[in-house]
């Protein structure tokens, strides 16, 4: 049974709901270096950029200057971006890198809207009740966004967005709010069926698994794909048997093979 990313249940609240405010005043972007490339570069200019891992730390801070190999590798990545010099200036001005998980978590909690390609940066906002829109830089982000119905924009669509405000205006969390209760329920059920205890809220849950229409479509797709794969394997096996049979019958017509058979 698919359960999604367990981090999304970290708040222990089965009734988590994102209530979108009318306006935003303190947005931030959870940063990954790929956003400094052409597709989303215009979105990083006037918003705080939150670094997240050691790769960001190498660029956002002076903490890792002694790791010359790492720094050289990261700088080489940025050199391939057409706006790399401007990106460094923007990071120097707007970049933030927190030295601990708690300070990172707390800072995101002070924002009223989060966007960006960092999966767990967006999740950090959502579990604190803050609207977040993911930028899908890879299949992992896209799959989690689809599974929970989190608003998400593929990288190749970012050029069509004028700015953070437009992304906020277009974001709709209705489906997320509906889906989250289903995913939470199934996760608690999954833990119980596997004999795992937890501190998750179970007061408003039902005992049965819940499947959305999309879940059923996905399961049918996977099942049909498995059936097709089995059919292809059977056809390959059938073809191999036919080839082997033809070779066996053909050997009887070769004088040399007949001679070997007599010996």
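Read-outs: derived from the displayed coordinates by stated rules, not from any lab. Computed from a predicted structure; not experimentally measured. Please note: Cβ atoms are built from the backbone with ideal geometry, for glycine as well, and neighbour counts cover all protein chains shown.
Rounded to the nearest 500, what is the chain's calculated 222 nm mean residue ellipticity when only DSSP H runs of at least 4 contribute -39500 (n - 2.57) each, over all residues? Can you show the working numbers first?
Working: 10 runs with 131 residues, N = 263.
Only helices count here, giving -16000 deg cm²/dmol.
Among 173, 113, 105, which one moves the most in a GNM of the chain with springs linking Cα atoms closer than 10 Å?
Comparing 173, 113, 105 in the GNM, the peak value goes to 105.
Under a crude label model (7 Å from the Cα following the beta-carbon direction), how far is residue 182 from residue 25 in nanometres?
Taking the simple label geometry, residue 182 and residue 25 are separated by 3.7 nm.
Looking at the chain as a GNM with Cα springs under 10 Å, which of 88, 237, 147 has the largest mean-square fluctuation?
Checking each option, the largest mean-square fluctuation is seen for 237.
Relative contact order for the chain: what is it in percent, counting Cα pairs under 8 Å that are at least 6 residues apart?
22 percent
What percent does the relative contact order of segment 104-151 come to when contacts are Cα pairs within less than 8 Å and at least six residues apart?
This gives 31 percent for segment 104-151.
In degrees from 0 to 90, rounded to the nearest 10, what is the angle of the helix 213-251 Cα long axis to the longest principal axis of the chain?
30 degrees
Can you give me the distance in nm between label points at residue 242 and residue 175, each placed 7 Å from the Cα along the Cα-to-Cβ direction?
4.4 nm
Return the label of the correct value of Rg/Rh (Cα atoms, Kirkwood Rh), as calculated from the structure shown, out of (i) 0.96; (ii) 0.92; (iii) 1.20.
So the structure-derived entry is (iii).
Build a GNM of the chain with springs between Cα atoms under 10 Å: which of 165, 39, 242 gets the top mean-square fluctuation?
Maximum among the listed residues: 242.
How do 98, 32 rank when sorted from fewest to most other Cβ atoms within 10 Å of their own Cβ?
Fewest-to-most ranking of 98, 32: 98, 32.
Calculated FRET efficiency, residue 235 and residue 146, Cβ-Cβ r, R0 35 Å, to nearest 0.05? Let's see the in-between values first.
Working: r = 32 Å, r/R0 = 0.92.
So, using R0 = 35 Å, E works out to roughly 0.60.
Quick check for you: which residues of segment 93-108 have the amide N under 18 Å from the point 7 Å beyond the Cα of residue 81 toward its beta carbon?
It comes to 93-98, nothing else.
Sort 155, 81 so that the residue with the fewest other Cβ atoms within 10 Å of its own Cβ comes first and the one with the most comes last.
Sorted ascending by nearby Cβ count, the order is 81, 155.
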